[in-house]
Amino acid sequence: AFPFMPKVLKHAEAITRHRDHARVDIALVTSLVDLLKPQFKHLSIRLFRAHKEWQQVQVELTAWSLGKKVELAEENTPMPQTDAVYKALELEVVHAEAIQEKGRTVHYCWFPILHDKIPLACLEIAGDAPFDLQLLDLIQGMLALYRNYLSLLHYSQVDTLTRLLNRKTFEDSLQKLLASHEGASPRRAQMERRDEAAAKGEDWLAIFDIDHFKKVNDRLGHLFGDEVLLLMADMMRKVFRRRDKLFRFGGEEFVVLVRHTSEENALKIMERFRQTVAAHRFPQLDRVTVSLGITRIRPGDSPTTVLGRADEALYYAKHHGRNQVRYYEALVKEGLQQPAQTNTEAELF
């Protein structure tokens, strides 16, 4: 009889209970700690999420454990050495190595996690004993479950053309973010204290669309229009930070949730993106530009009010020259925009 089976079933349920990627990662590492800890005196586990940026694979630490406690990586979490992680992802096979550290032998094993040749993640496990075949089978079985569930989540949450997050995922993400503003959690408060560069650690919503996009479709056809959308999504992934959430809202309209930064930095990020698009040379087009509207997310906001403010700023940008970033709160302060009427009962979604 397989002694791990009851625990495996319990942890399989825990991993597939969540729709949030970070919670899925935490559940996976927690499961592996529980299943493997009895076999080792010393055990460490690190999970790295993998993604492609401009055809280059990048990895980031997402969840880790140096004992029984499982942590979610924050902005200031030190990044471990990743050479072996990249090697495992490149070779697409499990990579093992025994390394002398502080007078003892540490047995490392790296497990690449791929779906249809696309790298999703890489798991690093280090223990004070070699991994036997039964443990390797157990780990790879849990990772197969994690991979398949992550793939299902991915396909349900992304736009099929641009591979950005889709509108339904935006609605869910905004609802969760607004709920967190109703009462800042201890973890959020701790993050804001740690990140001095983030000033007050405010959150922002920006909405933008491609100027005169209909003319592109009318003149060159929808296939070429799709190519412009794909290039736009690539530039978004390049310019915005990993912790920002990027969405295709519909058609040529996009939304960005900018997390934990100051007003100055939020506006700089938006202006940098606008300039990146304006400087890019699109095939068969002299120039493509975008207009952007941004607003601060406030306690007590509803989805309707926060998206409405950003949309008002975008509307102003579109009707005052295009190819510019407009900040809703600054427009109101300057008397260029009437303050929006707060209506917390009306819901957009």
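Counting just the residues of the stretch 253-294 that are over 24 Å from the mean Cα position of the chain (by Cα) and touching a residue at least 60 places away in the same chain (Cβ under 8 Å), which one comes out nearest to Asp311 (Cα to Cα)?
Among those that are over 24 Å from the mean Cα position of the chain (by Cα) and touching a residue at least 60 places away in the same chain (Cβ under 8 Å), it is Thr289.
Which residues, taken from the stretch 239-278, are in contact with a helix residue (DSSP H, G or I) (Cβ under 6 Å, 6 or more places away or on another chain), within 22 Å of Leu178 (Cα to Cα) and of a type in the set (A, V, I, L, M)? Across the stretch 239-278, the qualifying residues are Leu246, Val255, Val258. For the stretch 296-308, the tally of residues that are of a type in the set (D, E, K, R) and within 16 Å of Ala266 (Cα to Cα) stands at 2. Being over 13 Å from Leu143 (Cβ atoms) and surrounded by 18 or more Cβ atoms within 10 Å (Cβ to Cβ) is a property that does not hold for Arg104. Looking only at residues in the stretch 91-115 that are free of Cβ contacts under 8 Å to residues at least 24 places away in the same chain and not hydrophobic (A, V, I, L, M, F, W, C), the one that is nearest to Leu145 (Cα to Cα) is His95. Contact annotation: residue pairs with Cβ atoms under 9 Å, 6 or more positions apart or on different chains, pairing a residue in the stretch 308-331 that is more than 17 Å from Glu252 (Cβ to Cβ) and part of a helix (DSSP H, G or I) with a partner that is open to solvent by less than 30 Å² (accessible area, probe 1.4 Å) and of a type in the set (Asp, Glu), are Arg309/Asp301.
Summed over the stretch 78-87, residues that are open to solvent by less than 100 Å² (accessible area, probe 1.4 Å) and over 12 Å from Arg46 (Cβ atoms) total 2.
Which one is nearest to Val288 (Cα to Cα) among residues in the stretch 251-275 that are open to solvent by less than 40 Å² (accessible area, probe 1.4 Å) and either out of contact with any Asp or Glu (no Cβ under 9 Å at 6 or more places or on another chain) or hydroxyl-bearing (Ser, Thr, Tyr) (or both)? Ranking the candidates gives Arg274 first. Within the stretch 201-220, restricting attention to residues that are among the acidic types (Asp, Glu) and open to solvent by 30 Å² or more (accessible area, probe 1.4 Å), the residue that is nearest to the chain's Cα centre (by Cα) is Glu202. For the stretch 276-287, what are the residues that are more than 20 Å from Tyr315 (Cβ to Cβ) and either in a loop (DSSP other than H, G, I, E, B) or open to solvent by less than 10 Å² (accessible area, probe 1.4 Å) (or both)? Across the stretch 276-287, the qualifying residues are His280, Arg281, Phe282, Pro283, Gln284, Leu285, Asp286, Arg287.
The values are calculated or read from the model by the stated rules, or taken from the named source; none is laboratory data. Everything numeric in this text was worked out from a predicted model, so none of it was measured. Note that each Cβ is placed from the backbone with ideal geometry, even for glycine, and that neighbours are counted across all protein chains shown. Side chains included, ligands, DNA and RNA excluded: accessible areas come from the protein's heavy atoms. Shrake-Rupley method; radii C 1.70, N 1.55, O 1.52, S 1.80 Å.
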